[in-house]
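Novice: Below is the structure I would like to discuss, written out as C-alpha cells.
The values are calculated or read from the model by the stated rules, or taken from the named source; none is laboratory data. Just so it is clear, the structure is predicted and the values come from calculations on it, not from any experiment. Cβ atoms come from the backbone with ideal geometry, glycine included; neighbour counts cover every protein chain shown. For the accessible areas, the whole protein counts, side chains as well, though only heavy atoms, and no ligand, DNA or RNA atoms are used. Shrake-Rupley method; radii C 1.70, N 1.55, O 1.52, S 1.80 Å.
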Amino acid sequence: MRPTGKLHLGNYMGALANWVKLQDQYECYFFIADWHALTTDYADTSKIAPNTLDVALDFLAAGLDPAKSVIFLQSKVLQHAELNLLLGMITPLGWLERVPSYKEMQENLTNKDLTTYGFLGYPVLMASDILIYQPDFVPVGQDQQAHVELTREIARRFNQFYKLDGGEVLPEPKVLLTPSPKLPGTDGRKMSKSYGNTIQMTDAEDVVRQKLKTMVTDPARVRRTDAGDPDKCPVGDLHKVFSPPETMAKVQAGCRSAGIGCIECKGWVADNLVRVLQPIQQRRASFSEAQVKEILDEGSRRARLRAEATMQQVRSAMQMTLSSETGK
Ligand code: SF4
C-alpha cells in the first residue's frame, strides 16, 4: 500500500479486512510502498514519512499482527531496488506503455509531470516487490489484476533467459482475488481520497454521524412521503456491507413504503459503522510511534533475509557472481 496518509473505510473493506484473515492461513508479507509514492510525489517528499507512520498505524489498528505477518517498509529492503534494475533490463518498453493506468494517470493528474522514467517503470518495481518473495499468491482486488498479469509475464521472460540448475527462479504468482464490496463515499461515488468523500478509519463517532447526515440518498426520495429504493441509494449500499439482516429488512421495507425517514435510516448505518470502527480505533491508540517504528524495523529485517535468499538465486542464474572469495 502506498503511504497516502490515513486510510479510509474503502481501504479497510477492500484490502485490510481481507489481509487480516489471510494472515491466519498464509505466510504473509505486507509493506508500505514508500518508493512508489515517489513515482507521483517526487517533487515534494515531505509527507511520505508522516504518511508512512499513519498507514503503519492503520495496518496495526485493523489487526495486522507482526507476530503472524512480516510488516515492513519497502525502502528498507534494498534488494527490491536491485531486482527492479535487473528486471528493467529485460522488460520491453511496449509492455509498460500499454499498462492502462500509465495513460489514465497522466491524463488525470494534470498538475504533475508524469513523463518520467520512474513513473513509466513503476510496474517493474511492483513486479520486483512481488517476485522477490517468490510467492504463490498476490491478494488483490479486480482493478489490480492487470499488474499481477504483467508481473507473471516479466517472470516468464526472466525464466526463459535464466535458469538455476535447470529450474525456474521466479515462479509466476497467482492472483488471490480479494472480495471488495461496493463502498460508496458520502457523495455517492466510489469512496476515494481524491474525491474528498471518505470516512476515515480514525473518524470519531460524531464525525461519522455528521458525514452520514450529509450523505446523498436515492434521488427519487425528495420528500419524506416519497417511497425510495435502497438498491439505488448509497446509504443502502453501506447498509449491505455493515448492517445485520434484521436492520437490512427494516431498511428495505421502511424505505420502499416511506415508513422510515432517511435521517433514521442513516442513524442505523452510523450505529453499525461506529461498532466496526471503535475496536480499530482503540487498537490504534494502544501503539506509540516508537513501537510502530520498531515493528517496521523488525519486519524490514525479516523481509531483507527472505529477499536476499531470492537475490542469491537471481544473481547465480544471471551469472552475476564473479568474486575473489568464491573463486568463480
Ligand atoms: S431510507 Fe435509507 S435507503 Fe432509503 S433513500 Fe433514505 S437513506 Fe436511502
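Novice: Given the stretch 111-222, what helices (runs of 4 or more DSSP H) lie entirely inside it while holding 2 or more residues that are without any contact (Cβ under 8 Å) to a residue 24 or more places away in the chain?
Specialist: Once the helices (runs of 4 or more DSSP H) in the stretch 111-222 are filtered for at least 2 residues that are without any contact (Cβ under 8 Å) to a residue 24 or more places away in the chain, what remains is 145-161, 205-213.
Novice: When you scan the stretch 114-125, do you find a residue that is among the hydroxyl-bearing types (Ser, Thr, Tyr), touching a Lys or Arg at 6+ places or on another chain (Cβ under 7 Å) and over 12 Å from HIS147 (Cβ atoms), even just one?
Specialist: no
Novice: Can you work out which of the residues in the stretch 100-110 that are of a type in the set (S, T, N, Q) and over 16 Å from ALA37 (Cβ atoms) is surrounded by the most Cβ atoms within 10 Å (Cβ to Cβ)?
Specialist: The qualifying residue surrounded by the most Cβ atoms within 10 Å (Cβ to Cβ) is GLN106.
Novice: Quick test of your reading of the structure: LEU277 fulfils all but one of (1) modelled with pLDDT of 95 or more; (2) more than 10 Å from the ligand (Cβ to nearest atom); (3) in contact with a helix residue (DSSP H, G or I) (Cβ under 6 Å, 6 or more places away or on another chain); (4) of a type in the set (A, V, I, L, M, F, W, C). Name the failing condition by number.
Specialist: Just one mismatch for LEU277, condition (3).
Novice: If only one of ILE295, ILE263 is more than 13 Å from the ligand (Cβ to nearest atom), at pLDDT 95 or above and farther than 30 Å from GLU168 by Cβ, which one is it?
Specialist: Step by step, each of ILE295, ILE263 is checked, and only ILE295 is more than 13 Å from the ligand (Cβ to nearest atom), at pLDDT 95 or above and farther than 30 Å from GLU168 by Cβ.
Novice: List the residue pairs whose Cβ atoms are under 9 Å apart, where the first residue sits in the stretch 252-273 and is within 21 Å of LEU9 (Cβ to Cβ) and without any contact (Cβ under 8 Å) to a residue 12 or more places away in the chain, the second is part of a helix (DSSP H, G or I) and among the polar types (S, T, N, Q), and the two are 6 or more positions apart or on different chains.
Specialist: ASP271/THR247
Novice: Continuing with the same structure: Given the condition touching a Ser or Thr at 6+ places or on another chain (Cβ under 7 Å) and in a helix (DSSP H, G or I), answer yes or no: does some residue in the stretch 41-54 qualify?
Specialist: Yes - at least one qualifying residue is present in the stretch 41-54.
Novice: Can you find, within the stretch 302-314, the residue that is nearest to LYS68 (Cα to Cα) among those that are open to solvent by 80 Å² or more (accessible area, probe 1.4 Å) and in contact (Cβ under 8 Å) with a residue 40 or more places away in the chain?
Specialist: ARG302
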